[in-house]
Amino acid sequence: MKSIQILILINICCFSALQAQQLPYLSQLGEARTFWNPAATATGTNMNIDVFVRQQWLGFKGAPTTGFLNYQMPCVDYNRRAGGALVFDKTGPVSKIGLQLNYAYKLIDALGDDSQLSLGITAGGQSYSYNTTNAIVNQPDDPSLGKSGSSGIFPSVGAGFYYISDNRAYRADNTFFIGFSYLQAYEANVLINNLNQKRYAHMVLDFGTRLYSTSGFFEPSFSLNYVNPELINLLVGAKYEMRDRFWAGLGYSTVNDINMQGGVIFNDFGNRDAKLRLGVLANMGITSAIQDFGPGFELFVRYEFDMD
C-alpha cells in the first residue's frame with residue numbers, strides 16, 4: 001500500500017494521527033494562552049472576545065488550518081472566571097470542530113500581595129470528519145481511504161493552574177508568571193474510516209516574566225509541550241509592548257521555525273473602558289526538511305472591556 005502524502009505532512013508538522021501532537025500547534029501569541037490553559041481565562045478584570053486564525057505552510061496543499069472564537073468573562077466580585085470557545089482545525093482530509101468550556105477560580109493574594117493563583121478546568125467535545133476528496137495520494141484506490149464520513153463527537157477534558165506574582169496591569173513591579181495544564185485527559189480511540197487514532201494527553205508548561213518600565217514592558221517567555229511518548233516541543237520568545245500603542249516580538253520553536261509578531265492597540269475603542277488589539281505573527285522553517293513548505297501566519301483580534 002502506497003503512503004498517503006498528507007500523513008507525511010502531519011508527521012513532519014507534529015500532528016501525527018498516531019503518536020504525536022493532536023491538538024493544534026502552540027502559538028507564541030500570549031493572548032491565545034487561554035486556549036492551552038483554562039486557568040488563564042480572564043486573568044484580569046477584562047471581558048474578552050477573541051478571534052484567532054492560523055495557517056501553516058502556505059506553499060503546501062492540505063497544510064493545517066486552525067481557528068477559534070473565544071469569549072472570556074470575569075465575575076470580579078466572586079473571584080471566578082468563565083469562558084467558551086468554538087474551535088476548528090483541519091489538516092488535509094481530517095477536520096475537527098468542537099466546543100471548549102473553561103472555568104477558573106482565583107485565589108487572590110494567596111502567595112503574596114496582589115498575586116493571583118488560578119485553578120481551572122476545561123470540558124467540551126469534538127466532532128471528527130474525514131473527507132477523501134481532500135486527500136493527496138499516490139494510489140487513488142488506496143484501501144485506507146474508504147468513503148468520506150464522520151467519526152462522531154468525542155469528549156475532551158483537562159485542568160490547569162496559572163500563577164502571576166502581581167496581577168495589576170502597568171502598575172506593578174517586575175512580575176513572574178507560570179502555568180501548567182493537562183489537556184485531552186480522556187484518551188479515547190477515534191476511528192476515522194479505516195484509520196484508528198488514539199488520542200493522547202498533552203501537558204503544557206508556560207512561564208516567563210514581565211520587566212516593566214514607565215511606558216511599557218518587556219516579556220521573555222518559555223512554553224514546553226509534552227505528548228507521551230513521542231513529542232517534546234519548546235517555544236522561546238520575547239516581546240516588547242508599549243502601553244496602549246503596539247507590541248512586537250521574536251520567537252523560536254524546536255520544530256525548527258522562527259517567527260516575528262506585532263500588533264497595534266486602539267485605546268478607548270467605542271468606550272473609555274474598551275480596547276481593540278489587532279495582531280499578526282509570521283513564521284518560517286529554518287531547516288531543509290520544512291523550508292519548501294513555505295511560511296505560515298497567524299491573525300489575532302481581541303476586543304476587551306474592563307468590568308471593574
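Worth pointing out:
- Within-15-Å neighbourhood charge of ARG80 [Cβ basis; K, R +1; D, E -1]: 0
- Take the Kirkwood radius over Cα pairs of the range 155-289, plug it into Stokes-Einstein at 20 °C and 1.002 mPa s, and you get 122 µm²/s for translational diffusion.
- Accessible heavy-atom area order of MET47, MET260, MET203, highest first, probe of 1.4 Å: MET260, MET203, MET47
- Solvent-accessible ranking of LYS198, LYS275, LYS61, LYS239, largest area first, probe 1.4 Å: LYS61, LYS198, LYS275, LYS239
- Percent carbon-and-sulfur accessible area, the range 82-124, ignoring ligands, DNA and RNA, probe 1.4 Å: 72 percent
- Of every Cα-Cα pair in the range 35-119, the percent that sits beyond 16 Å: 59 percent
- Contour excess over end-to-end distance, with Cα ends at ASP114 and SER213 and 0.36 nm allotted per residue: 33.8 nm
- Label separation (THR254 vs GLU187): 2.0 nm, computed from points 7 Å beyond Cα along the C-beta direction.
- By the equivalent-ellipsoid construction on the alpha carbon gyration tensor, the range 194-240 comes out with semi-axes of 35, 9, 8 Å, ordered largest to smallest.
- Segment LEU278-VAL51, extension gain: residue separation times 0.36 nm, minus the distance between their alpha carbons: 80.7 nm
- Rounded accessible area of MET284 (nearest 10 Å², 1.4 Å probe): 80 Å²
- With a threshold of 23 Å on the Cα-Cα distance, the over-threshold entries among LYS61/LYS90; LYS61/LYS198; LYS90/LYS275; LYS96/LYS198; LYS239/LYS275 are LYS61/LYS198; LYS90/LYS275.
- Calculated FRET efficiency for the pair ASP306/TYR71, C-beta based, R₀ 22 Å, to 0.05: 0.90
- Subtracting the Cα-Cα distance of PHE246 and ASN271 from their residue separation scaled by 0.36 nm leaves 7.1 nm.
The values are calculated or read from the model by the stated rules, or taken from the named source; none is laboratory data. The structure displayed is predicted, hence computed values, not measured ones. With ideal geometry, Cβ positions are generated from the backbone for all residues, glycine too; neighbour counts draw on all protein chains shown. What goes into the accessible areas is simple: the full protein's heavy atoms, side chains included, and nothing from ligands, DNA or RNA. Shrake-Rupley method; radii C 1.70, N 1.55, O 1.52, S 1.80 Å.
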